[in-house]
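Since the structure comes first, as structure tokens, the remarks are kept for the end.
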Amino acid sequence: MTRLMKSLMLMLVVMAAGRVWAQDLEAAELLHPSTSWPGYHGDYTGQRHSPLTQITPGNVGTLGLAWAFQTNQAALIKASPLMVDGVIYFTVPDNVWAVDARTGHMLWKYTYPPNPGLHIGNRGVGMYKGTIMFLTPDCHLIALDARNGKVLWETVVADVKKGYWTTEAPLIVGNHVLVGVSGDSDNIQLFLKAIDADTGKEQWRWDASPPAGTPHETTGGATWMTGTYDPVLKLIYWGTGNPTPVLNGEVRPGDNLYTCSIVALDPETGKLVWAFQPSPHDTHDWDAVETPVLVDGDFHGKPTKMLMQSSRNGYFFVLDRTNGKALLTTPFGPVNWAKGIDAKGQPIPDPAKEPAPDGRLIAPDEGGMTNYRSPSFDKKTGLFLVDSHPSWSVYFTKPADGTYGWAGADYGVWGKAELDAIDYQTGKIKWSHFLGKNGAGAGVLTTESGVAFTGDAYGNVLALETATGKTLWHAAPGPQMQSSPASYALDGKQYVLTSSGSVLFAWALPEVTEIAKSAGHKGKAAR
């Protein structure tokens, strides 16, 4: 390499570093991102629908690898990356990376010290102005300088010694960092907290269940998935997890509020505004934490502010998100655990389907009809796309299982993976695309140009036509995708981000045309 070439390369590095120093996410971009991906869901709605249109059904067949980033970690990437001002931020447990979104080159890495928290996964970071918010397995919230990964402050969200852990990507609303917790291995009270983004001080705490030890009451109600936010109604929407003990419901009679619920909270105070319970008195580990997707549109001819959820229990719900009233409740796969639907639109659990010493054959299985990977909503087609898992399992309890923690056992019998496109007006499945035996595990991204991205059970990344489910393109980068795809644009080029095992991949077209038209907005990320 000549001295001139070395000098040019050094200049490029310095120029790249210059972009990093400009990190500063504005609140307006969180509300209306165009070419960036500044939050877990992209925007606050949870629709995971990109306005970008450069990649189309007509040209997606030429999609190729732009770059790949190897984390060299054993942990799988379950995070949904952010992309702000040309930098991608993503995680695995204990680790955060900042990567150049144009090249895939690492800019900085933060590693948290070894700790006793459960390292089951990490779903990413949140961003407030120039600060990256990261939750650790042992329930610490770390604020990092987005320019260099230096720790700005650190606070404890919950006590890991009591059985708590954290995996969530925080949601940023104003100066509130909204963080949820996990912990259904123990009978503990679970909650959602708001932390001051500037100081790390606790602002409020909302409890999903009564304190442990309350007679005849449940514990549990984990808040481990990132919620959504309506800036007009000024409400956050969050799903809560299963009650505890998990499979033994005898010691916690009743509905077990507010576990397995969708709740609307005031982000300023944490006060409950309304609640809807997809799984009253759950005994099958069917968290209702799946993304509460916010959609404004007509429902049966009437303009409505809706909330949609494809729940782990196998039901698809459409709610009026101003008050939590059910508009539609219908299964989107095989279910056999409910006797019917009550007047509130909630399934009525069948006591005969609770786990028992001689076993109960139940659909869906413990993993559920879907899980944490994101669905996507495409307004043009009115289709709600979800990674589904039709499945059956046998559930047991016995005296030796006791009344603590899991308190039973379950064994999968059969399952398959498919991508289902649900018509939200009727709950009917318009098309279904087989993704393989057992389960797949990838989330879904739709784009304004009519392309849907996901992954199958064999490690393929797929591009489908959103309207029909027709396969348009695929690539096989390695193991199954365990994250949800995202998309961004820089310098006139649209990228799609996916993961495979411990590697992050960026895909783009080989030849690009003008992209400014595709977003319909002025892109901040290109500055």
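The values are calculated or read from the model by the stated rules, or taken from the named source; none is laboratory data. The structure presented is a predicted model; accordingly, all values stated were derived computationally and were not measured. Cβ sites come from the backbone with ideal geometry, for glycine too, and all protein chains shown count toward neighbours. Ligands, DNA and RNA are stripped out before the accessible areas are found, and what is left, the full protein with its side chains, is counted by its heavy atoms. Shrake-Rupley method; radii C 1.70, N 1.55, O 1.52, S 1.80 Å.
Find the centroid of the Cα atoms in region 227-266 and in region 464-483, then give the distance between the two in whole Å.
Result: 32 Å between the Cα centres.
When we measure straight from the Cα of LYS305, which aspartates and glutamates land under 15 angstrom away, once same-chain ones fewer than 8 places off are left out?
List returned: ASP230, ASP296, ASP320.
Across bins of 10 angstrom width beginning at 0, how are the C-alpha pair distances of region 118-184 distributed, in whole percent?
23, 54, 22, 2
Using a 1.4 angstrom probe with every protein chain in place, what is the largest-first accessible-area order of HIS41, HIS433?
Details: HIS41 5, HIS433 35 Å².
The ranking, largest first, comes out as HIS433, HIS41.
Would you mind checking the tilt of helix 3-21 against the longest principal axis of the Cα atoms of the chain, expressed as 0 to 90 degrees and rounded to 10?
With both axes taken from Cα atoms, the answer is about 40 degrees.
Mind listing the phi-derived Karplus ³J(HN,Hα) values for region 33-50, rounded to whole Hz, using 6.51, -1.76 and 1.60 with θ = phi - 60°, and x for any glycine or proline?
Each residue's phi maps through the Karplus curve to give x, 10, 9, 9, 9, x, x, 3, 8, x, 10, 7, 6, x, 6, 6, 10, 8 Hz.
Using Cα positions and a limit of under 20 Å, work out the lysines in reach of LYS161, with same-chain residues fewer than 8 apart set aside.
By straight Cα distance, LYS161 reaches LYS193.
Can you give me the long-range amide H partners of TRP153? Hydrogens built in the peptide plane at 1.01 Å from N, cutoff under 5 Å, separation of 5 or more residues or another chain.
Amide H neighbours of TRP153, under 5 Å, 5+ apart: ALA143.
Sort out for me the Cα centre separation of region 109-160 from region 181-212, rounded to whole Å.
16 Å
Of the beta bridges DSSP finds with both residues in the chain, what % are antiparallel, to the nearest 5? Walk me through the intermediate numbers first.
On the way: 129 of 133 bridges.
Within the chain, antiparallel bridges account for around 95 percent of the total.
When the Karplus curve 6.51 cos²θ - 1.76 cosθ + 1.60 is applied with θ = phi - 60°, which whole-Hz ³J(HN,Hα) does each residue of region 197-211 get, with x for Gly and Pro?
Each residue's phi maps through the Karplus curve to give 5, 8, 10, x, 7, 5, 9, 7, 9, 10, 8, 7, 8, x, x Hz.
Pairs LYS428/LYS470; LYS129/LYS380; LYS271/LYS428: which exceed 25 Å Cα-Cα? All intermediate terms of the calculation are to be shown ahead of the outcome.
On the way: LYS428/LYS470 18 Å; LYS129/LYS380 33 Å; LYS271/LYS428 35 Å.
Going by Cα-Cα distance, LYS129/LYS380; LYS271/LYS428 fall outside the 25 Å limit.
Just how many % of Cα pairs in region 439-497 lie over 20 Å apart, if you round to the nearest whole percent?
Values: 386 of 1711 pairs.
Everything past 20 Å amounts to 23 percent.
In units of 2.2 N^0.38 Å, what is the alpha-carbon radius of gyration of region 354-505? Write out the running numbers ahead of the final one.
Working: Rg = 18.0 Å, N = 152, 2.2 N^0.38 = 14.8 Å.
For region 354-505, the normalised Cα radius of gyration is 1.21.
When the gyration tensor of region 257-409 is built from Cα positions, what are the square roots of 5 times its three eigenvalues, in whole Å, from largest to smallest?
On the way: eigenvalues 169, 62, 37 Å².
In descending order, the three semi-axes are 29, 18, 14 Å.
Give me log10 I(q)/I(0) at q = 0.17, 0.20, 0.29 Å⁻¹ for region 82-141, Debye formula, one equal scatterer per alpha-carbon, no solvent.
Treating every Cα as an identical point scatterer, log10 I(q)/I(0) equals -0.56, -0.74, -1.26.
Of the labelled options (i) 108, 66, 54; (ii) 76, 48, 42; (iii) 65, 54, 48, which one gives Cα extents along the principal axes in Å as computed for this structure?
(ii)
Per DSSP helix of 4 or more residues, -39500 (n - 2.57); summed, then divided by the residues of the chain. What does that give at 222 nm, rounded to the nearest 500?
Mean residue ellipticity at 222 nm (helix-derived): -1500 deg cm²/dmol.
Taking amide H positions as placed in the peptide plane 1.01 Å from N, state which residues far from LEU328 in sequence (5 or more) or on other chains have amide H under 5 Å from it.
Sorted by chain and number, the residues that satisfy this are VAL318.
Using packing as a proxy for protection, rank 83-92, 386-395, 422-431, 358-367 so that the peptide with the highest average count of other Cβ atoms within 10 Å comes first.
In decreasing order of mean packing, 83-92, 386-395, 422-431, 358-367 become 83-92, 386-395, 358-367, 422-431.
Step through the residues of region 288-302 one at a time and calculate ³J(HN,Hα) from phi using the Karplus curve (6.51 cos²θ - 1.76 cosθ + 1.60, θ = phi - 60°), rounding each to whole Hz and writing x for Gly and Pro.
3J(HN,Hα) across region 288-302, in whole Hz: 9, 8, 4, 3, x, 7, 9, 9, 9, x, 7, 10, 6, x, 10.
What is the set of long-range amide H partners of SER388 at a cut-off below 5 Å, with H atoms built 1.01 Å from backbone N?
The answer is GLU418, LEU419, ASP420.
Would you rank GLU250, GLU268, GLU168, GLU448 by solvent-accessible area, highest first, keeping every protein chain in place and using a 1.4 Å probe? Each step should come with its number before you reach the end.
Details: GLU250 160, GLU268 120, GLU168 0, GLU448 65 Å².
Largest to smallest exposure gives the sequence GLU250, GLU268, GLU448, GLU168.
Top to bottom by accessible area (1.4 Å), largest first, where do MET133, MET106 land? Provide the component values of the computation, followed by the final result.
On the way: MET133 0, MET106 105 Å².
In descending accessible area the options line up as MET106, MET133.
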